[in-house]
Amino acid sequence: LAPRIDVVSIFPGYLDALDLSLVGKARESGLVDIAVHDLRDVTTDRHRTVDDSPFGGGAGMVMRPDVWWSAIEATGRRPARAGATVAGASTEGVDADPREVVLLVPTPSGARLTQPDAHALAREASAGDVRYVLACGRYEGIDARVTERAAGDPTIRRVQEFSIGDYVLNGGEVAALVLLEAVVRLLPGVLGNPESIAEESFEGDGILEYPVYTRPALWEGLAVPEVLTSGNHGAVERWRRERALERTARRRPDLLPPLTVTELSRRDLAA
Ligand code: ADE
């Protein structure tokens with residue numbers, strides 16, 4: 001059974017990008033089973049209402065817990081087939097997916113999604129005993145009782161609220177796309193050359209990647225660093241390591257480990 005991911009949104013069109021490129025190919029070849037659903041398909045009123053004003057007052061609208069819960073439950077009642085859309089009455093009676101659910105909720109108030117998180121999700125997904133439900137909220141968010149109810153549900157392994165960065169988007173759809181792209185490319189069989197992962201930013205010891213170059217060797221008066229054309233593999237390795245460390249120190253010092261006591265006292269002795 002391929003890793004199964006259900007995405008629920010009021011703008012399923014945002015997720016059309018999942019048909020393209022690497023993720024699109026992975027879906028086509030059955031390496032991952034992604035289904036996108038319109039939240040409004042589980043509504044029963046004439047206006048297909050998904051939101052209401054916040055208790056306690058304040059600006060904006062909050063997404064209704066009953067609508068969201070119906071949508072989350074409906075994902076498990078559907079047959080596992082790629083590209084399937086929607087839930088609701090028409091799916092009643094279809095065999096339930098027996099896998100435990102991990103509910104993934106994009107929100108700026110979640111923990112920041114990192115490369116180790118992406119690896120952990122890819123590993124868990126390929127173990128085969130869970131499926132993911134990605135709940136994309138809009139407006140001021142989803143009524144907090146949905147994650148509370150989910151966390152107490154025996155069929156739900158975990159609720160994972162995640163943020164893709166310290167800025168506010170209009171909804172979870174783009175963040176869901178980010179998570180999916182980060183995770184799907186790590187699933188077994190998706191990347192042509194899995195070794196390429198090891199060299200990337202945030203891999204290995206979690207620092208940034210070194211700069212890369214290709215032909216022409218001289219372009220706009222700019223030459224490729226000589227060491228890269230030297231044929232000296234050891235020198236190339238050292239050069240790349242230095243550039244990676246230098247870049248990380250300049251751009252993302254937060255990714256570098258703090259000094260240890262040993263290093264600090266060595267400094268004291270040297271002073
Ligand atoms: N929804 C709105 N902003 C978001 C963010 N930064 N990360 C994840 N989900 C979001």
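The values are calculated or read from the model by the stated rules, or taken from the named source; none is laboratory data. Remember, it's a predicted structure, so these values are computed and weren't measured experimentally. Positions of Cβ are backbone-derived with ideal geometry, glycine not excepted, and every protein chain shown enters the neighbour counts.
Observations on the model:
- Conditions (1) in contact (Cβ under 8 Å) with a residue 40 or more places away in the chain; (2) out of contact with any helix residue (DSSP H, G or I) (no Cβ under 7 Å at 6 or more places or on another chain); number of the one not met by Phe202: (2)
- One residue alone among Thr147, Thr107 is at pLDDT 90 or above, within 16 Å of the ligand (Cβ to nearest atom) and assigned to a helix (DSSP H, G or I), and that residue is Thr147.
- Subset tally (residues that are under 30 Å from His119 (Cβ atoms) and surrounded by 13 or more Cβ atoms within 10 Å (Cβ to Cβ)) for segment 214-240: 4
- Of all the numbered requirements in (1) away from the ligand (no atom under 14 Å from the Cβ); (2) more than 16 Å from the chain's Cα centre (by Cα); (3) assigned to a loop (DSSP other than H, G, I, E, B), Val190 misses one, and that requirement is (2).
- Number of residues in segment 15-33 that are β-branched (Val, Ile, Thr) and in contact with a Pro (Cβ under 8 Å, 6 or more places away or on another chain): the value is 1.
- Total residues in segment 129-143 satisfying the condition of being part of a strand (DSSP E or B) and at pLDDT below 95: the figure is 1.
- Filter pass, Val212 being assigned to a loop (DSSP other than H, G, I, E, B) and over 25 Å from Glu246 (Cα atoms): no
- Of all residues in segment 172-187, those being within 15 Å of the ligand (Cβ to nearest atom) and surrounded by fewer than 20 Cβ atoms within 10 Å (Cβ to Cβ) number 4.
- Meets criteria (more than 27 Å from Gly58 (Cα to Cα) and either modelled with pLDDT of 95 or more or not acidic (Asp, Glu) (or both)) for Leu180: yes
- For first residues located in segment 150-171 and more than 16 Å from the ligand (Cβ to nearest atom), partners that are of a type in the set (Phe, Trp, Tyr) and lie 6+ apart or on another chain with Cβ distances below 9 Å form the pairs Ala150/Trp69.
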